[in-house]
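Contents: one structure, followed by commentary.
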Amino acid sequence: MVIAIDGPAGAGKGTIAKMVAERLNLVYIDTGAMYRCIALEALREDIVNDKDKIIEMSKKINIKLSEDGKTFLNGEDVSEEIRSKEVTSVVSPISSIVPVREELVSIQRSIAEGKNVIMEGRDITTVVFPNADYKFYLDASVEERTRRRVEQNKEKGIFSSYEDIKQSIIDRDYNDMHKEVGALKRTNEQIYINSTNMGKEEVVNFILEKIGEVK
Ligand code: DC
């Protein structure tokens, strides 16, 4: 079984997908973490503006997502580092490079092979698994997504300005929705969830109901 979830930055896809994975015993796959690994490595190698070098690097690096939700880049645990402000600010343009997407999409399909998975990102319902058993688009207002991100940061002890975060979300969404390949899109086949006024449990239960796990 494949459950695919797409949606804009900060909509809670990761949190919700992890909770559904736990309830249904599915493997959770965070595809954004994979694009973030490419961005982190590009920063480390100082090649952020060199498309050809990024493409070459994306073919060589080893990305592993562990069952307990950690992300490994060439064997190193980078779960925290890929969430940094620096990575967040360069990841969207890097994820627009078509050969990088081709590389990662092929890895994403192979990780899911023979497993029951819940995969989240921007192009899962449209490109990676257009024939997924269940397709969702998880949304929330930009103000609510900003508020949640500021709260998350606060919990981690990071101070961030509401306006900065809001602008960064708006910019990333614009770029993610206007990519040549793998753009974030709403389609008639997705089940649309606007979680602006919904709690986490409520969203999880809505998904479980839609897939027939809760009557
Ligand atoms: O979900 P996230 O915010 O961690 O994703 C980071 C970036 O990666 C996001 O700005 C767009 C890109 N991305 C993508 O292009 N395709 C995906 N399937 C997942 C993420």
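The values are calculated or read from the model by the stated rules, or taken from the named source; none is laboratory data. Just so it is clear, the model here is predicted, and its values are computed rather than measured. Glycine gets a Cβ as well: all are built from the backbone with ideal geometry, and neighbour counts include every protein chain shown. Heads up: the accessible areas ignore ligands, DNA and RNA and are worked out on the full protein's heavy atoms, side chains in. Shrake-Rupley method; radii C 1.70, N 1.55, O 1.52, S 1.80 Å.
Residue by residue, here is whether (1) within 12 Å of residue 11 (Cβ to Cβ); (2) within 13 Å of the ligand (Cβ to nearest atom); (3) among the small types (Gly, Ala, Ser) holds:
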residue	(1), (2), (3)
120	yes, yes, no
145	yes, yes, no
154	no, no, no
157	no, no, yes
160	no, no, yes
191	no, no, no
196	yes, no, no
199	no, no, yes
205	no, no, no
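Counting only helices (runs of 4 or more DSSP H) that fall entirely inside the stretch 1-100 and contain at least 1 residues that are touching a helix residue (DSSP H, G or I) at 6+ places or on another chain (Cβ under 9 Å) and over 28 Å from residue 180 (Cβ atoms), the qualifying elements are 13-24. In the stretch 138-215, counting only helices (runs of 4 or more DSSP H) that sit wholly within it, the ones holding 3 or more residues that are closer than 19 Å to residue 122 by Cβ span 142-155, 162-177.
Screening the stretch 103-119 for residues that are out of contact with any Phe, Trp or Tyr (no Cβ under 8 Å at 6 or more places or on another chain) and touching a residue at least 40 places away in the same chain (Cβ under 8 Å) and picking the one that is farthest from residue 169 (Cα to Cα) gives 115. Among the residues of the stretch 166-184, are any among the aromatic types (Phe, Trp, Tyr) and away from the ligand (no atom under 16 Å from the Cβ)? So far as the stretch 166-184 goes, no, none of its residues is among the aromatic types (Phe, Trp, Tyr) and away from the ligand (no atom under 16 Å from the Cβ). Per the conditions (1) away from the ligand (no atom under 12 Å from the Cβ); (2) open to solvent by 50 Å² or more (accessible area, probe 1.4 Å), the sole criterion not satisfied by residue 112 is (2). Scanning the stretch 69-78 for residues that are crowded, with 18+ Cβ neighbours inside 10 Å and in contact (Cβ under 8 Å) with a residue 40 or more places away in the chain turns up 71, 78. Are any residues in the stretch 1-38 of a type in the set (Gly, Ala, Ser) and more than 8 Å from the ligand (Cβ to nearest atom), and if so, which ones? Within the stretch 1-38, 4, 7, 11, 12, 17, 21 qualify.
Taken over the stretch 177-207, the residue count meeting the criterion of being touching an Asp or Glu at 6+ places or on another chain (Cβ under 9 Å), buried (at least 19 other Cβ atoms within 10 Å of the Cβ) and not hydroxyl-bearing (Ser, Thr, Tyr) is 6. Closer than 11 Å to residue 37 by Cα, aromatic (Phe, Trp, Tyr), open to solvent by less than 70 Å² (accessible area, probe 1.4 Å) and away from the ligand (no atom under 12 Å from the Cβ): does that describe residue 136? For residue 136, the condition - closer than 11 Å to residue 37 by Cα, aromatic (Phe, Trp, Tyr), open to solvent by less than 70 Å² (accessible area, probe 1.4 Å) and away from the ligand (no atom under 12 Å from the Cβ) - is not met.
The residue list 127, 150 contains one member that is within 17 Å of residue 3 (Cβ to Cβ), within 16 Å of the ligand (Cβ to nearest atom), surrounded by fewer than 21 Cβ atoms within 10 Å (Cβ to Cβ) and of a type in the set (A, V, I, L, M, F, W, C), which is 127. So, residue 96, is that one within 27 Å of residue 194 (Cα to Cα), open to solvent by less than 80 Å² (accessible area, probe 1.4 Å) and small (Gly, Ala, Ser) or not? Taking the combined requirement at face value, the residue satisfies it. Of the residues making up the stretch 138-164, those that are at pLDDT 95 or above, in contact with a helix residue (DSSP H, G or I) (Cβ under 7 Å, 6 or more places away or on another chain) and within 30 Å of residue 180 (Cβ to Cβ) number 4. Among the residues making up the stretch 115-124, those that are part of a loop (DSSP other than H, G, I, E, B) and open to solvent by less than 50 Å² (accessible area, probe 1.4 Å) are 122, 123.
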